[in-house]
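One structure is given here, and the rest of the page talks about it.
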Amino acid sequence: MTRMSARSLHRTVLVLLALAGALAGGCIQGHRAFRASHAAHNEAIRSRINEELLLNVVRLRYRDAPLFLQVGSVVAQFQFSGSLGGAVSVNESAPDAAGASAGIGRTETPTYTFTPLQDNDFVQRLLRPIDIEVAVLLQRSGWSLDRVLRLTVQNLGGLDNATSASGPTPDRAPAYERFRRASRALRTLQAEGALAIGYESTDATLSPSIPLDAVSGSDLMDAAERGYRFDPADDATGRVALRGSSRSLVLRIAPAAAERPEVRELVGALGLEPGRRRYELVTAEAVPADAPEAAGRRTSVAVSTRSLLGTLFYLSHSVDVPAEHTERGWVTVTRDAAGQPFEWSTLAGDLLRVRASRQRPVEAAVAVRYRDHWFYIDEADLESKSTFMLLTELFTLQSGTAVGNAPVLTLPVGG
């Protein structure tokens, strides 16, 4: 038997080290694969949420019931495989030969779990009027006041913003022009610093004066938990009264802008008392129905908001309906006062446009297939993309963390 030379032994060691390094590199590759998979799943979930929201907007245009799914879990299974081989030949009459081979393979099988949202709490959130504080939060976070108002408010101080469009497509054209002018004026004045919407806190007495010894320790603790306090009464009798601060939403006019034509026109359109610097914004339900203020003397603006479902219905009228679908009677044909077909793009076409095509769009921010057509938002349509982004934020804020009570749908997706 031929004895292995020192040089052959050295080469054998190098081969084994190379193979060991290849296997170690497989572990590093596995870690990198996990990080890459995390980004891919993040994008997949984002796309899925956007597609579902757009699909439901399209469904509502056709009076089809929407369905919302919540991503319950994502399970990604990785399988790594490796192969290892090596050979060394020793020949005293010829140079020694050494060879090595190694291979690393990875297979990923992700599984997405979806839960239909059909529980009572979620349905109520869909139908409940949007809290006016949500609209204020959105406009204070940088969204255009005009865009926020048109999506979330259906009546402002008696100005109707297509209330009939907050449900299935109506037969008659909605009223919205006066509201549109007011919302644009609000946006312009706010951008110029002539107008602001925000909260004001005022201190108020909440109870009649009572003897100090009538206030127990539990009363003090309960008042503190609610943000109230017991202060000396104003009658200098040693009695105390419960006091606290109340917060109200107000529309403030800058002193230098009070006489601007735009401000006077806006105040007149809302039926407000002219010359004031402050008007309170209240929900429509808070306005006494039995004691309406006369137009031109109001000191507050009644605001009626849409529900989340109403906002989805409102934007569904921005869907381009193929002519053959209209001819088949799949959608309602709305007519104006003259009996002519109403062009829905005049309502919110500058906010959102959902296009339709038989072929899959090449450049689309989001696209879904429905009734043998592709409905999509064009990638270059920045106004529509902005409105759709605002809709996703509004949906998240209003829908909350609902828990589905329907069967779970588990979908394995091949990697």
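At-a-glance table
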read-out: Selection count, the range 334-358, where residues are in contact with a His (Cβ under 8 Å, 6 or more places away or on another chain) and surrounded by 21 or more Cβ atoms within 10 Å (Cβ to Cβ); value: 3
read-out: Residue match in the range 369-380 (condition: in a loop (DSSP other than H, G, I, E, B), within 30 Å of ARG140 (Cα to Cα) and open to solvent by 30 Å² or more (accessible area, probe 1.4 Å)); value: yes
read-out: Residue in the range 114-132 that is within 25 Å of PHE68 (Cβ to Cβ), open to solvent by 30 Å² or more (accessible area, probe 1.4 Å) and β-branched (Val, Ile, Thr) present; value: yes
read-out: The range 346-364, residues that are touching a residue at least 40 places away in the same chain (Cβ under 8 Å) and within 19 Å of the chain's Cα centre (by Cα); value: ALA348, LEU351, VAL354
read-out: Pairs where the first residue, in the range 298-323, is over 21 Å from LEU159 (Cα atoms) and the second is part of a strand (DSSP E or B) and charged (D, E, K, R), C-beta under 6 Å, 6+ apart; value: ASP320/ARG355
read-out: Residue in the range 142-164 that is open to solvent by less than 80 Å² (accessible area, probe 1.4 Å), within 30 Å of LEU270 (Cα to Cα) and at pLDDT below 90 present; value: yes
read-out: The range 201-256: number of residues that are hydrophobic (A, V, I, L, M, F, W, C), at pLDDT below 80 and open to solvent by less than 50 Å² (accessible area, probe 1.4 Å); value: 2
read-out: Test: VAL263 is β-branched (Val, Ile, Thr), in a strand (DSSP E or B), under 23 Å from ARG184 (Cβ atoms) and under 36 Å from the mean Cα position of the chain (by Cα); value: no
read-out: Those helices (runs of 4 or more DSSP H) lying entirely in the range 120-229 with at least 1 residues more than 28 Å from LEU251 (Cβ to Cβ); value: 120-127, 217-225
read-out: Any hit, the range 199-207, residues being of a type in the set (Gly, Ala, Ser) and in contact (Cβ under 8 Å) with a residue 40 or more places away in the chain; value: yes
read-out: Any chance VAL408 is of a type in the set (Val, Ile, Thr) and modelled with pLDDT under 95; value: yes
read-out: Single match in VAL267, VAL301, VAL331, VAL282 (criterion: at pLDDT 95 or above and surrounded by 12 or more Cβ atoms within 10 Å (Cβ to Cβ)); value: VAL331
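The values are calculated or read from the model by the stated rules, or taken from the named source; none is laboratory data. For clarity, every value in this text was computed on a predicted model and none was experimentally measured. Neighbour counts are summed over all protein chains in view; Cβ atoms, including those assigned to glycine, are modelled from backbone coordinates with ideal geometry. The accessibility values were calculated without ligands, DNA or RNA, using every heavy atom of the protein model including side chains. Shrake-Rupley method; radii C 1.70, N 1.55, O 1.52, S 1.80 Å.
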